[in-house]
Amino acid sequence: AQTVTQSQPEMSVQEAETVTLSCTYDTSENNYYLFWYKQPPSRQMILVIRQEAYKQQNATENRFSVNFQKAAKSFSLKISDSQLGDTAMYFCAFMKDTARSRDDKIIFGKGTRLHILP
Amino acid sequence: GAGVSQSPRYKVAKRGQDVALRCDPISGHVSLFWYQQALGQGPEFLTYFQNEAQLDKSGLPSDRFFAERPEGSVSTLKIQRTQQEDSAVYLCASSFPRLAGGGDTQYFGPGTRLTVL
(Lines give C-alpha, C1' and ligand atoms only; values in the text may rest on other atoms or scores of the structure.)
Protein backbone atom coordinates (compact mmCIF):
# COMPACT_ATOMS: atom_id res chain seq x y z
CA ALA A 1 0.00 0.00 0.00
CA GLN A 2 1.10 3.52 -0.72
CA THR A 3 1.49 6.13 2.01
CA VAL A 4 2.20 9.85 1.91
CA THR A 5 3.68 11.66 4.90
CA GLN A 6 3.80 15.40 5.51
CA SER A 7 5.73 16.07 8.71
CA GLN A 8 4.98 19.80 9.01
CA PRO A 9 1.40 20.37 10.20
CA GLU A 10 1.75 24.15 10.07
CA MET A 11 4.21 26.78 8.83
CA SER A 12 4.38 30.56 8.73
CA VAL A 13 6.60 32.77 6.61
CA GLN A 14 6.82 36.44 5.77
CA GLU A 15 5.54 37.67 2.45
CA ALA A 16 8.20 37.57 -0.31
CA GLU A 17 10.22 34.89 1.47
CA THR A 18 10.88 31.40 0.14
CA VAL A 19 9.34 28.41 1.89
CA THR A 20 9.80 24.66 1.42
CA LEU A 21 7.15 22.11 2.31
CA SER A 22 8.30 18.55 2.91
CA CYS A 23 6.76 15.30 1.73
CA THR A 24 7.89 11.71 1.79
CA TYR A 25 6.08 8.72 0.40
CA ASP A 26 6.33 4.97 0.36
CA THR A 27 5.61 2.74 -2.61
CA SER A 28 6.90 -0.37 -4.32
CA GLU A 29 5.87 0.99 -7.71
CA ASN A 30 8.52 2.14 -10.16
CA ASN A 31 6.31 4.42 -12.24
CA TYR A 32 3.88 6.82 -10.60
CA TYR A 33 2.82 10.45 -10.35
CA LEU A 34 3.23 12.95 -7.56
CA PHE A 35 1.22 16.10 -7.02
CA TRP A 36 0.97 19.13 -4.80
CA TYR A 37 -2.55 20.45 -4.32
CA LYS A 38 -3.53 23.73 -2.67
CA GLN A 39 -6.77 24.04 -0.71
CA PRO A 40 -7.70 27.58 0.36
CA PRO A 41 -10.53 28.22 2.86
CA SER A 42 -13.00 28.02 -0.02
CA ARG A 43 -12.23 24.25 -0.03
CA GLN A 44 -11.55 24.18 -3.76
CA MET A 45 -8.68 21.75 -4.31
CA ILE A 46 -6.35 23.29 -6.88
CA LEU A 47 -3.51 21.47 -8.60
CA VAL A 48 -0.25 23.36 -8.07
CA ILE A 49 2.27 21.08 -9.73
CA ARG A 50 2.72 17.49 -10.87
CA GLN A 51 5.73 15.26 -11.41
CA GLU A 52 6.05 12.05 -13.38
CA ALA A 53 8.36 9.65 -11.58
CA TYR A 54 10.07 8.57 -14.79
CA LYS A 55 11.22 12.14 -15.43
CA GLN A 56 14.45 13.13 -13.72
CA GLN A 57 13.92 16.84 -14.28
CA ASN A 58 12.15 18.60 -11.44
CA ALA A 59 8.83 20.18 -12.38
CA THR A 60 8.40 23.94 -12.15
CA GLU A 61 5.37 26.20 -12.45
CA ASN A 62 6.19 29.88 -12.14
CA ARG A 63 7.02 30.47 -8.44
CA PHE A 64 6.47 26.82 -7.55
CA SER A 65 9.09 24.13 -7.99
CA VAL A 66 9.71 20.68 -6.61
CA ASN A 67 12.75 18.77 -5.43
CA PHE A 68 12.03 15.19 -6.44
CA GLN A 69 14.41 12.60 -5.00
CA LYS A 70 13.17 9.24 -6.25
CA ALA A 71 15.66 7.07 -4.38
CA ALA A 72 14.88 8.84 -1.12
CA LYS A 73 11.14 8.90 -1.93
CA SER A 74 11.05 12.61 -1.20
CA PHE A 75 9.02 15.26 -2.97
CA SER A 76 9.29 18.76 -1.50
CA LEU A 77 7.59 21.91 -2.75
CA LYS A 78 9.40 25.24 -2.87
CA ILE A 79 7.40 28.46 -3.10
CA SER A 80 9.50 31.45 -4.08
CA ASP A 81 8.54 35.07 -3.48
CA SER A 82 5.58 33.97 -1.38
CA GLN A 83 2.38 35.99 -1.65
CA LEU A 84 -0.56 36.48 0.71
CA GLY A 85 -2.71 34.48 -1.71
CA ASP A 86 -0.52 31.45 -1.14
CA THR A 87 -2.05 31.06 2.33
CA ALA A 88 -3.79 27.67 2.25
CA MET A 89 -3.55 23.99 3.11
CA TYR A 90 -1.09 22.18 0.88
CA PHE A 91 -1.45 18.48 0.21
CA CYS A 92 1.16 16.18 -1.22
CA ALA A 93 -0.41 13.35 -3.21
CA PHE A 94 0.48 10.11 -5.02
CA MET A 95 -1.09 8.24 -7.93
CA LYS A 96 -0.03 4.94 -9.46
CA ASP A 97 0.83 4.69 -13.12
CA THR A 98 -2.73 4.30 -14.33
CA ALA A 99 -1.68 3.21 -17.80
CA ARG A 100 -0.92 -0.19 -16.34
CA SER A 101 -3.39 -0.43 -13.50
CA ARG A 102 -7.03 0.36 -12.90
CA ASP A 103 -6.12 2.05 -9.64
CA ASP A 104 -6.71 5.72 -10.45
CA LYS A 105 -7.28 7.02 -6.96
CA ILE A 106 -5.11 9.68 -5.39
CA ILE A 107 -3.50 9.07 -2.01
CA PHE A 108 -3.17 12.31 -0.05
CA GLY A 109 -0.99 13.30 2.88
CA LYS A 110 -2.50 14.98 5.92
CA GLY A 111 -1.52 18.41 4.70
CA THR A 112 0.56 21.41 5.78
CA ARG A 113 -1.23 24.60 6.74
CA LEU A 114 0.80 27.50 5.33
CA HIS A 115 0.38 31.08 6.55
CA ILE A 116 1.92 33.92 4.59
CA LEU A 117 2.33 36.89 6.90
CA PRO A 118 2.18 40.50 5.67
CA GLY B 1 -19.70 26.21 -16.17
CA ALA B 2 -16.15 25.20 -16.78
CA GLY B 3 -15.46 23.38 -13.53
CA VAL B 4 -16.79 20.55 -11.41
CA SER B 5 -19.86 21.61 -9.47
CA GLN B 6 -21.35 20.06 -6.36
CA SER B 7 -24.61 20.60 -4.55
CA PRO B 8 -25.58 21.38 -1.96
CA ARG B 9 -22.53 23.22 -0.63
CA TYR B 10 -23.70 22.66 2.94
CA LYS B 11 -25.99 20.01 4.35
CA VAL B 12 -27.14 19.57 7.92
CA ALA B 13 -28.83 16.28 8.74
CA LYS B 14 -30.21 14.76 11.88
CA ARG B 15 -28.75 11.43 12.84
CA GLY B 16 -30.62 8.68 11.06
CA GLN B 17 -31.66 10.76 8.05
CA ASP B 18 -30.73 9.88 4.49
CA VAL B 19 -28.81 12.39 2.38
CA ALA B 20 -27.94 12.69 -1.31
CA LEU B 21 -24.99 14.67 -2.59
CA ARG B 22 -24.72 15.63 -6.24
CA CYS B 23 -21.70 16.05 -8.50
CA ASP B 24 -21.67 17.54 -11.99
CA PRO B 25 -18.31 16.74 -13.61
CA ILE B 26 -16.62 18.70 -16.34
CA SER B 27 -18.34 17.98 -19.64
CA GLY B 28 -16.64 15.15 -21.49
CA HIS B 29 -14.79 13.81 -18.46
CA VAL B 30 -14.99 10.04 -18.37
CA SER B 31 -13.68 9.40 -14.88
CA LEU B 32 -15.37 10.58 -11.71
CA PHE B 33 -14.14 10.19 -8.14
CA TRP B 34 -15.59 10.74 -4.67
CA TYR B 35 -13.39 11.55 -1.67
CA GLN B 36 -14.20 12.13 1.98
CA GLN B 37 -12.25 14.79 3.89
CA ALA B 38 -12.55 14.83 7.66
CA LEU B 39 -11.76 18.05 9.50
CA GLY B 40 -8.04 18.79 9.44
CA GLN B 41 -7.23 15.74 7.34
CA GLY B 42 -6.41 14.99 3.75
CA PRO B 43 -9.08 13.63 1.41
CA GLU B 44 -9.59 9.89 1.40
CA PHE B 45 -10.82 7.92 -1.60
CA LEU B 46 -14.35 6.56 -1.53
CA THR B 47 -15.23 5.35 -5.02
CA TYR B 48 -14.50 5.75 -8.74
CA PHE B 49 -16.51 5.61 -11.96
CA GLN B 50 -15.45 5.30 -15.54
CA ASN B 51 -18.51 6.42 -17.49
CA GLU B 52 -21.42 4.67 -15.77
CA ALA B 53 -19.35 1.76 -14.49
CA GLN B 54 -18.31 1.82 -10.85
CA LEU B 55 -14.82 0.33 -11.08
CA ASP B 56 -13.70 0.72 -7.49
CA LYS B 57 -15.76 1.16 -4.34
CA SER B 58 -13.17 -0.09 -1.92
CA GLY B 59 -13.13 3.17 0.04
CA LEU B 60 -16.81 3.27 0.96
CA PRO B 61 -16.79 2.99 4.76
CA SER B 62 -19.98 0.98 5.14
CA ASP B 63 -22.96 -0.36 3.26
CA ARG B 64 -24.80 2.82 4.21
CA PHE B 65 -22.81 4.58 1.50
CA PHE B 66 -23.93 4.18 -2.08
CA ALA B 67 -22.89 6.00 -5.26
CA GLU B 68 -24.29 5.96 -8.75
CA ARG B 69 -23.69 7.53 -12.14
CA PRO B 70 -26.45 6.06 -14.28
CA GLU B 71 -25.85 8.01 -17.50
CA GLY B 72 -22.13 8.47 -17.20
CA SER B 73 -22.26 12.16 -16.32
CA VAL B 74 -23.88 13.39 -13.09
CA SER B 75 -23.16 11.31 -10.00
CA THR B 76 -24.94 11.05 -6.68
CA LEU B 77 -23.44 9.91 -3.40
CA LYS B 78 -26.12 8.68 -1.02
CA ILE B 79 -25.64 8.09 2.67
CA GLN B 80 -28.38 6.21 4.47
CA ARG B 81 -29.12 6.47 8.19
CA THR B 82 -26.44 9.12 8.71
CA GLN B 83 -24.21 8.93 11.79
CA GLN B 84 -22.17 11.66 13.46
CA GLU B 85 -18.96 10.12 12.16
CA ASP B 86 -20.21 10.79 8.62
CA SER B 87 -19.68 14.53 9.21
CA ALA B 88 -17.05 15.62 6.69
CA VAL B 89 -16.51 17.42 3.43
CA TYR B 90 -17.32 15.24 0.43
CA LEU B 91 -15.26 16.10 -2.62
CA CYS B 92 -15.94 15.09 -6.19
CA ALA B 93 -13.30 15.08 -8.91
CA SER B 94 -13.31 14.31 -12.62
CA SER B 95 -10.63 13.68 -15.19
CA PHE B 96 -10.14 13.54 -18.94
CA PRO B 97 -10.31 10.26 -20.80
CA ARG B 98 -7.46 8.01 -19.93
CA LEU B 99 -4.25 9.13 -21.62
CA ALA B 100 -1.79 6.66 -23.06
CA GLY B 101 0.65 7.51 -20.32
CA GLY B 102 -1.86 7.58 -17.50
CA GLY B 103 -1.65 10.03 -14.60
CA ASP B 104 -4.72 11.96 -15.67
CA THR B 105 -5.10 15.19 -13.69
CA GLN B 106 -8.14 15.19 -11.45
CA TYR B 107 -10.13 18.43 -11.21
CA PHE B 108 -11.98 18.92 -7.96
CA GLY B 109 -15.28 20.49 -7.09
CA PRO B 110 -15.81 22.80 -4.07
CA GLY B 111 -17.17 19.97 -1.96
CA THR B 112 -20.25 19.48 0.18
CA ARG B 113 -19.84 20.00 3.90
CA LEU B 114 -22.07 17.51 5.69
CA THR B 115 -22.82 18.00 9.36
CA VAL B 116 -24.75 15.27 11.17
CA LEU B 117 -26.30 16.35 14.45
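The values are calculated or read from the model by the stated rules, or taken from the named source; none is laboratory data. Here the structure is a predicted model, which is why all the values come from computation and not from measurement. All Cβ positions, glycine included, derive from the backbone under ideal geometry; neighbour counts span all protein chains shown. Surface accessibility is based on the protein's heavy atoms, side chains included, excluding ligands, DNA and RNA. Shrake-Rupley method; radii C 1.70, N 1.55, O 1.52, S 1.80 Å.
Please report, in debye to the nearest 20, how large the charge dipole of the range A:3-117 is about its Cα centre when each Lys and Arg carries +1 at its beta carbon and each Asp and Glu carries -1 there.
Working: 14 positive and 12 negative charges, 65 e Å.
Dipole about the Cα centre, nearest 20: 320 debye.
Calculate, in nm to one decimal, what residue B:71 and residue B:30 gain on full extension: separation in residues at 0.36 nm each, minus their alpha carbon distance.
Details: separation 41, 0.36 × 41 = 14.76 nm, distance 1.11 nm.
Fully extending the segment from residue B:71 to residue B:30 adds 13.7 nm.
For the range A:3-117, what proportion of DSSP beta bridges, expressed in % and rounded to the nearest 5, is antiparallel?
On the way: 34 of 39 bridges.
Antiparallel bridges make up about 85 percent of those DSSP assigns within the range A:3-117.
What accessible area, summed over both chains, is buried at the B-A interface (1.4 Å probe, Å², nearest 100)? Don't skip to the answer; put the middle values down first.
Numbers: alone 6590 and 6750 Å², together 11230 Å².
Chains B and A together bury roughly 2100 Å² of accessible area.
Tell me, which longest segment in chain B has none of the trypsin sites (Lys or Arg not before Pro) that fall in DSSP loops with at most 14 further Cβ atoms within 10 Å?
It runs B:16-63.
Taking all pairs of distinct Cα atoms, average 1/r, flip it, and tell me the Kirkwood hydrodynamic radius of the protein assembly as shown in Å to one decimal place. Before the final figure, lay out each step's value.
Details: mean 1/r = 0.0546 Å⁻¹.
That comes to 18.3 Å for the protein assembly as shown.
Considering only DSSP beta bridges where both residues belong to the protein assembly as shown, give the percentage that are antiparallel (nearest 5).
Details: 68 of 77 bridges.
The antiparallel fraction comes to roughly 90 percent.
Once phi is turned into θ = phi - 60°, what whole-Hz ³J(HN,Hα) does the Karplus curve with 6.51, -1.76 and 1.60 give for every residue of the range A:66-77, x standing for Gly and Pro?
Running phi through 6.51 cos²θ - 1.76 cosθ + 1.60 with θ = phi - 60° gives 10, 10, 9, 10, 5, 5, 7, 6, 10, 8, 9, 10 Hz.
Step through the residues of the range B:37-54 one at a time and calculate ³J(HN,Hα) from phi using the Karplus curve (6.51 cos²θ - 1.76 cosθ + 1.60, θ = phi - 60°), rounding each to whole Hz and writing x for Gly and Pro.
10, 6, 4, x, 10, x, x, 10, 4, 10, 7, 9, 10, 10, 6, 8, 8, 8
Please list, ordered by chain and number, the residues whose modelled amide H lies under 5 Å from the amide H of residue A:8; skip anything fewer than 5 residues away on the same chain.
For residue A:8, whose amide H was placed from the backbone, the distant partners under 5 Å are A:22.
Given a 1.4 Å probe and every protein chain left where it sits, what share in percent of the accessible area of the range A:3-117 is carbon and sulfur? Walk me through the numbers on the way to the answer.
Working: 2460 of 5390 Å².
The computed percentage sits at 46.
Which far-off residues, 5 or more places away or on another chain, put their amide H under 5 Å from the one on residue A:49, with H placed in the peptide plane?
Residues meeting the criterion, in which the H sits 1.01 Å from N, are A:36.
If the only charges are +1 at each Lys and Arg Cβ and -1 at each Asp and Glu Cβ, what is the size of the charge dipole of the protein assembly as shown around the Cα centre, to the nearest 20 debye? List each step's numbers first, then the result.
Values: 26 positive and 23 negative charges, 72 e Å.
In debye, rounded to 20, the protein assembly as shown gives about 340.
What range in chain A is the longest one free of trypsin sites (Lys or Arg not before Pro) that are in a loop by DSSP and have at most 14 other Cβ atoms within 10 angstrom? List each step's numbers first, then the result.
Details: sites that count: A:55, A:63, A:100, A:102.
Between the exposed loop sites, the longest stretch runs A:1-54.
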